[in-house]
Amino acid sequence: MTNEAGAAARVVDARGMRCPWPALRLARAMREAADVLLLADDPQAAREVAALAGEQGWTLTDDAEGGWRVRRD
């Protein structure tokens, strides 16, 4: 997966992890990358990831791979 600049998005696979771990893994990855694909299957993850993205001012979109694409503006 690549972004507009051609750099690969960092993938964070948090499937099988219960919240708050997917959000914590996302926060850690966003310290080092401006474009992250988060894969998570905990039903609570959607709410927590959306709240985190809103607090940080990140752009959050659903991804075709069943996760979320998170970008720092």
(request) Taking the dipole about the Cα centre of the chain, with the C-beta of Lys and Arg at +1 and of Asp and Glu at -1, give me whichever of Val70, Val36, Ala23 is farthest to the positive side. (result) Ala23
(message) Can you list residues from other chains, or at least 5 along the same chain, whose modelled amide H is less than 5 Å from the amide H of Trp58?
(response) none
(message) Output the 0 to 90 degree angle, nearest 10, between the alpha-carbon long axis of helix 45-56 and the longest principal axis computed from the alpha carbons of the chain.
(response) 50 degrees
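List the relative contact order of the chain as a percent without decimals, with contacts defined as Cα pairs under 8 Å and 6+ residues apart. Display every interim value, and only then the final one.
On the way: 118 pairs, mean separation 21.6, N = 73.
Relative contact order comes out at 30 percent.
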(message) List residues of region 25-47, by number, whose backbone nitrogen lies under 15 Å from a label position 7 Å along Cα→C-beta of Val11.
(response) 36-41
(request) Go through region 15-29 residue by residue and turn each phi into a ³J(HN,Hα) via Karplus (6.51, -1.76, 1.60, θ = phi - 60°); whole Hz please, and just put x for glycine and proline. (result) 5, x, 9, 8, 4, x, 4, x, 5, 5, 5, 4, 4, 5, 5
(request) At 0.36 nm per residue, minus the direct Cα-Cα distance, what do Ala46 and Leu24 gain on full extension? Give it in nm, one decimal, please. (result) 6.6 nm
(request) Before rounding to the nearest 500, sum -39500 (n - 2.57) across all DSSP H runs of length at least 4 in the chain and divide by the residue total; then give [θ] at 222 nm in deg cm²/dmol. (result) -10000 deg cm²/dmol
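As an exercise, find the ratio Rg/Rh for the chain from alpha-carbon atoms, using the Kirkwood inverse-distance average for Rh.
Details: Rg = 11.0 Å, Rh = 11.9 Å.
Computed over Cα atoms, the ratio is 0.93.
Here, each number is a calculation from the coordinates, and none is a lab measurement. Just so you know, these numbers come straight off a predicted model, no measurement behind them. Virtual Cβ from ideal backbone geometry, glycine too; neighbours counted across all protein chains shown.
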